[in-house]
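Heads up: the structure comes next, in structure tokens.
The values are calculated or read from the model by the stated rules, or taken from the named source; none is laboratory data. Predicted model only: the values in this text are computed from it and were never measured. Cβ atoms come from the backbone with ideal geometry, glycine included; neighbour counts cover every protein chain shown.
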Amino acid sequence: MPHETELIGTVAVGLTAAFAFALVAVRLRLPPIVGYLLAGVAVGPFTPGFVADAHLAPQLAEIGVILLMFGVGVHFSPGDLLAVRGIALPGALGQIAAATALGVGVSSLWGWSLGEGLVFGLALSVASTVVLLRALEERSAVATPSGRVAVGWLLVEDLAMVVALVLLPTLAGPLGGTAPAAGEGGLLATLALTLGKVALFAALMFAVGWRIVPWLLHRVARIGSRELFLLATLAAALGIAFAGAEFFGVSFALGAFVAGLVVGQSEVGHEAGEQVVPLQDAFAVLFFVSVGMLIEPAFLLDAPGRILAVAAIVVVGKTAAAFLIVLLLRGGLDKAVVVGAALAQIGEFSFILASLGRSLDLLPPDGYNLILAGALVSITLNPLLFRLADGAAARAGARQGVTASASTRSGT
């Protein structure tokens, strides 16, 4: 009997190519992520040889996003989120506004319309969930005060992008794009419906899921079957994320984070989080491979000046904006450094916004390619920027320690 091999081929060739390129990257003292991205270019549609399934790869990558956000949610608590709301909420909204303004300003120099510049700027304003969390996890910084601010900031960005994705079709006509068939209600009704769905999802999860899911996991753990416990954990992570996206319109990442918060309330919550780590790492690699598949190598050679401008907005503009906003909100130098470095890249929501913008005639073809190129450059540079941030934070901590010591001696 003939067999369908697209899924097997995509996973097998994607992971094999990722291993080979990452091994070379590490040998050259480059981050493994660079190898994963180049592996995606190698198996993508713009290079000869094997071409991975362009529809399956992003869905596999989305599983990695879900598992990552689920793991973060397990180790978080509602108190952690409430503790950082004073920085994360105004900070994320302010940084989105700053990055969007930079995108609008630069695109206007290229002759783009306001609507095109708005979509372009929004796509550059939101950080990659996978890249940010991987960087924090490598430094065991997710549960630190700075890490909590960065994750809270990321969640606000995700929620803002969910709202943007819903409102953009409604605003396409006034912004100069192709408006889809008009639905019932206006802009305010659409916004109210979106926020209402998100609020209803959160209320159901914390009123019902908060009791049922931990109770169920505890019962399964008492059975003593490791496989059954893993299955229950995956069902909670993927099932809640899918239900949130399908019925309430929240992103997979946000739904998975809420699932992690609920599971984390169980006595076996942290064990559940550890169970998914190997799968989480494998699917995270597939995320970077899927990003690489979208990149057209020829475009990188055709528009170096514009790619440099996009990279500057993402790596320099966003970092500076986040750094200054955290300082203005009195978050402290250590948080400002970590958050600034963590947000200096773009990813999943950037591609989704760009695709929607193209379908609504609110983004030129070059705009989509520029966003992909900006993702490649910023994701590649992000580990280097984090190393610089680590050094700056260490020096700042040393200076604070010296100052505190001097103050103690003077007081005695």
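Things to note:
- Across region 122-143, the number of residues qualifying as free of Cβ contacts under 8 Å to residues at least 60 places away in the same chain and either among the small types (Gly, Ala, Ser) or within 18 Å of Phe323 (Cβ to Cβ) (or both) comes to 1.
- For region 200-220, residues that are modelled with pLDDT of 85 or more and within 16 Å of Leu254 (Cα to Cα) total 5.
- Meets criteria (in a helix (DSSP H, G or I), within 17 Å of the chain's Cα centre (by Cα), over 15 Å from Trp153 (Cα atoms) and aliphatic (A, V, I, L, M)) for Val315: yes
- Here Ala160, Ala141 are screened, and the one residue that is among the hydrophobic types (A, V, I, L, M, F, W, C), assigned to a loop (DSSP other than H, G, I, E, B) and surrounded by 14 or more Cβ atoms within 10 Å (Cβ to Cβ) is Ala141.
- Annotation: of all residues in region 31-41 being in contact with a Pro (Cβ under 9 Å, 6 or more places away or on another chain) and among the hydrophobic types (A, V, I, L, M, F, W, C), the one that is surrounded by the most Cβ atoms within 10 Å (Cβ to Cβ) is Ile33.
- Residue that is hydrophobic (A, V, I, L, M, F, W, C) and either more than 23 Å from Pro278 (Cα to Cα) or touching a Leu at 6+ places or on another chain (Cβ under 6 Å) (or both), where the choices are Leu15, Leu102: Leu102
- The residues on offer are Phe242, Phe252, Phe229, Phe247, and the sole one that is in contact with a Leu (Cβ under 8 Å, 6 or more places away or on another chain) and either surrounded by fewer than 24 Cβ atoms within 10 Å (Cβ to Cβ) or not β-branched (Val, Ile, Thr) (or both) is Phe229.
- Only one of Val74, Val119, Val104 that is touching a His at 6+ places or on another chain (Cβ under 9 Å) and over 30 Å from Val13 (Cα atoms): Val74
- Top-ranked residue in region 370-412 [being part of a helix (DSSP H, G or I) and hydroxyl-bearing (Ser, Thr, Tyr); ranked as modelled with the highest pLDDT]: Ser378
- Failed item in (1) in contact (Cβ under 8 Å) with a residue 12 or more places away in the chain; (2) under 24 Å from the mean Cα position of the chain (by Cα), with Ala235 passing the rest: (1)
- Qualifying residue in region 170-190 (condition: modelled with pLDDT under 80, closer than 29 Å to Val131 by Cβ and either in a helix (DSSP H, G or I) or touching an Asp or Glu at 6+ places or on another chain (Cβ under 6 Å) (or both)): no
- Boolean, Ala189 is loosely packed, with under 14 Cβ neighbours inside 10 Å and within 25 Å of the chain's Cα centre (by Cα): no
- Among the residues of region 332-380, those identified as of a type in the set (D, E, K, R) and crowded, with 24+ Cβ neighbours inside 10 Å are Lys335, Glu348.
- Note on region 335-369: residues that are among the polar types (S, T, N, Q) and assigned to a loop (DSSP other than H, G, I, E, B) total 1.
- Taken together, Val84, Val65, Val74 contain a single residue that is at pLDDT below 90, within 18 Å of Phe288 (Cβ to Cβ) and of a type outside the set (Gly, Ala, Ser), which is Val65.
- Number of residues in region 1-30 that are buried (at least 22 other Cβ atoms within 10 Å of the Cβ) and not hydrophobic (A, V, I, L, M, F, W, C) equals 2.
- Only one entry of Arg330, Arg306 meets the criterion of being basic (Lys, Arg) and out of contact with any helix residue (DSSP H, G or I) (no Cβ under 7 Å at 6 or more places or on another chain), and that entry is Arg330.
- Where helices (runs of 4 or more DSSP H) fall entirely within region 25-137, those with at least 1 residues that are more than 20 Å from the chain's Cα centre (by Cα) are at 32-42, 78-109, 114-125.
- Residue match in region 152-167 (condition: over 20 Å from Phe351 (Cα atoms) and touching a residue at least 60 places away in the same chain (Cβ under 8 Å)): yes
- Among residues of region 249-308, those that are assigned to a loop (DSSP other than H, G, I, E, B) and either under 19 Å from the mean Cα position of the chain (by Cα) or of a type in the set (Phe, Trp, Tyr) (or both), counted: 6
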